[in-house]
1. Could you check how many residues of the range 404-418 are outside any helix (DSSP H, G or I) and modelled with pLDDT of 95 or more?
2. I need the full set of residues from the range 223-248 which are farther than 21 Å from A138 by Cβ and in contact with a Lys or Arg (Cβ under 8 Å, 6 or more places away or on another chain), in order please.
3. With touching a residue at least 60 places away in the same chain (Cβ under 8 Å) and in the same structural domain as V269 (by TED's automatic domain parsing) as the only criterion, which of E351, E307, E340, E323 stands out?
4. So, T25, is that one touching a Ser or Thr at 6+ places or on another chain (Cβ under 6 Å) and outside any loop (DSSP other than H, G, I, E, B) or not?
5. Among L77, L153, L160, which is the only one that is in contact (Cβ under 8 Å) with a residue 60 or more places away in the chain, surrounded by 15 or more Cβ atoms within 10 Å (Cβ to Cβ), closer than 28 Å to R203 by Cβ and not small (G, A, S)?
6. So in the range 106-152, with the set limited to residues that are polar (S, T, N, Q) and over 13 Å from T29 (Cβ atoms), which one is modelled with the lowest pLDDT?
7. Identify, by number, the condition in (1) buried (at least 21 other Cβ atoms within 10 Å of the Cβ); (2) touching a Phe, Trp or Tyr at 6+ places or on another chain (Cβ under 7 Å) that R173 doesn't meet.
Amino acid sequence: MINIPKGTKDVLPQDAYKWHYIEDTARKTAALFNMKEIRTPVFEHTELFLRGVGDTTDIVNKEMYTFKDKGDRSITLKPEGTAGAARSFIENNLGAGPLPVKMYYIIPAFRYERPQAGRLREFHQFGIEVYGAAGPDADAEVIFAASSFLEKLNIKNVKLNINSIGCKTCRARYNAELKAYLLPHLDEMCETCRARFEKNPLRILDCKEEKCKALNRGAPRIIDFLCDDCSAHFRKVQSLLTAGGLEFNIDPNIVRGLDYYTKTVFEFVSEEIGAQGTVCGGGRYDGLIEELGGNPTPAVGFAAGIERLILLMENTGVAFPEEQGPQVFVAGMDEDSRIEAFRLVCALRREGISAECDHTGRSLKAQFKYADKIGARHVIAIGGNELESGECNVKRMADGNVTPAKISEICAYFKEME
């Protein structure tokens, strides 16, 4: 027997309705905010992630699924959605149209890391991207879109944490202060953080190692080093969130795990899914398009992990609206009536009515049991008498109520129920 690869998970037919619910909610939320869907390839040239995500990130250093194709090109399964969307924005000249360009995606992504609750090697994300809007109102709108999505899923007790990590100007000042603070403790840090010290000390604040987290608690705060422009931007974001009635906490330790972030960063976190408490996160990345070879274009967005959302909803008892079974099951008693049952099912489906019949030769009693198991709302039994009279009985499974109906008018009978 060949087993599923480690860190991946089947979505079984009986569980798919949970995914449908979250994906449908994502699309409805995106439509409320005038977001249009973008679909990018599941793999990209490796250089895209080296330049976009950043070579100091764990994703690039440790987690990417990278391989050579038959043309000896380095290809990577996408570990996140923003870099591919940004590449498409540039390549398809989307900036030439009306701005801002507001997009969303629902994607699989791949990272080679230790599987744990809410974190797999193949996972799925709902994300939003807004290109061409530099103001803090765009940051606030994206945060409200994330909040609206979680609210529509009926997810509660999720806290919004925000921070600003400034621009290149204030980042340079802060990095100097941070390195001065960390230098005496360099030998106490994990190997990864020691490597980050020279290249990108800000990333040290994102370390999950306990010894590094303890050191980081006394580190200087980047919000104390913001330039006037970044400080004003952050204050306006806060005022807009307050105006919209969204509560938040300022968490100076949020830096996010990707190098492209600037200014506003945010996370929606929960304590219901263990150590991996972030269910949605994002921020602004004004330098990304230019870094990838496009014209300077401000950008902001977020991504939410679907597996984590399902885990959170299950852990907190949030109900998923289950998909309904077929509107009608047509049971046949013998060879001729089975043919008529199949004909009726075909006619019902052509009229947009979900219908099912038996395909395994079950007895009439077994067909009724099967209809109940698959959640059929009505059952029609067809036999010799029904074929001769042209009439049948429609049984409503919820209460056993039986209503006579003409077989020739069965489609109209169920259309009237809609």
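The values are calculated or read from the model by the stated rules, or taken from the named source; none is laboratory data. In this text the structure is predicted, and so the values were computed from the model without any measurement. All Cβ positions, glycine included, derive from the backbone under ideal geometry; neighbour counts span all protein chains shown.
1. So the answer is 3.
2. F225
3. E307
4. no
5. When all the criteria are applied, what remains is L160.
6. Ranking the candidates gives Q116 first.
7. (1)
Per-residue answers, yes or no, for (1) hydrophobic (A, V, I, L, M, F, W, C); (2) outside any loop (DSSP other than H, G, I, E, B):
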site: I310; (1), (2): yes, yes
site: E314; (1), (2): no, yes
site: G317; (1), (2): no, no
site: Q324; (1), (2): no, no
site: F329; (1), (2): yes, yes
site: D336; (1), (2): no, yes
site: A341; (1), (2): yes, yes
site: L344; (1), (2): yes, yes
